[in-house]
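The values are calculated or read from the model by the stated rules, or taken from the named source; none is laboratory data. It should be emphasised that the depicted structure is a prediction, and the values quoted were computed from it without experimental measurement. Every residue, glycine among them, receives a Cβ derived from its backbone with ideal geometry; neighbour counts consider all protein chains shown.
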Amino acid sequence: MLVVDDDPAFHKLVESVLTPAGLPFERAHRRRGAARGDERAARAVIIDGLLPGMRGDDVSMKLRERWTQAQLPIVFVSAFFRDMRSRRRLVRECQVDAVLHKPITPES
C-alpha cells in the first residue's frame, strides 16, 4: 500500500490499521511519491485530496493513465470533495475505487 498524504497523523492512523493486519505500506508526503513510480510496487494507493503542489484528483488521473482500476486500486481521502458532484467526478472521471472523508477513523 502506498500512502500519499502530507499529514503525519494520518500516516500513524494508517500504520495502526495496516501493521497489525500484516500489510506493508510506504509513505509519501508529497505528490512526487506517487509521480516517481513508487506505486509500481504497491497493490493499492491511498491519496489525500490536497497535496503540496498538486491535488489528489490530479494525481489519481495521472495514475489512471498508466494503471487500470484492476491493476491499482485508489482510495481517495479528503476533508474536502464532500458534495455529490465531486464524488461522481472522483468515481467516474478519476476512477477512484473508494472515497473516504476526513477525519478518518480506524473502522473506516
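Among residues of segment 5-19 that are touching a residue at least 60 places away in the same chain (Cβ under 8 Å) and among the hydroxyl-bearing types (Ser, Thr, Tyr), those with a Cβ under 8 angstrom from a residue that is part of a loop (DSSP other than H, G, I, E, B) and loosely packed, with under 13 Cβ neighbours inside 10 Å, sequence gap 6+ or separate chain, pair up as 16/106. Every condition in (1) touching a Leu at 6+ places or on another chain (Cβ under 7 Å); (2) at pLDDT 90 or above; (3) of a type in the set (Lys, Arg) is met by residue 12 except one, and the failing one is (1).
For segment 57-108, a residue qualifies if it is touching a residue at least 12 places away in the same chain (Cβ under 8 Å), aliphatic (A, V, I, L, M) and assigned to a loop (DSSP other than H, G, I, E, B), and the qualifying residues are 72, 79, 96, 104.
When we screen 81, 76 for residues that are modelled with pLDDT under 90, crowded, with 17+ Cβ neighbours inside 10 Å and within 18 Å of residue 3 (Cβ to Cβ), the only hit is 81.
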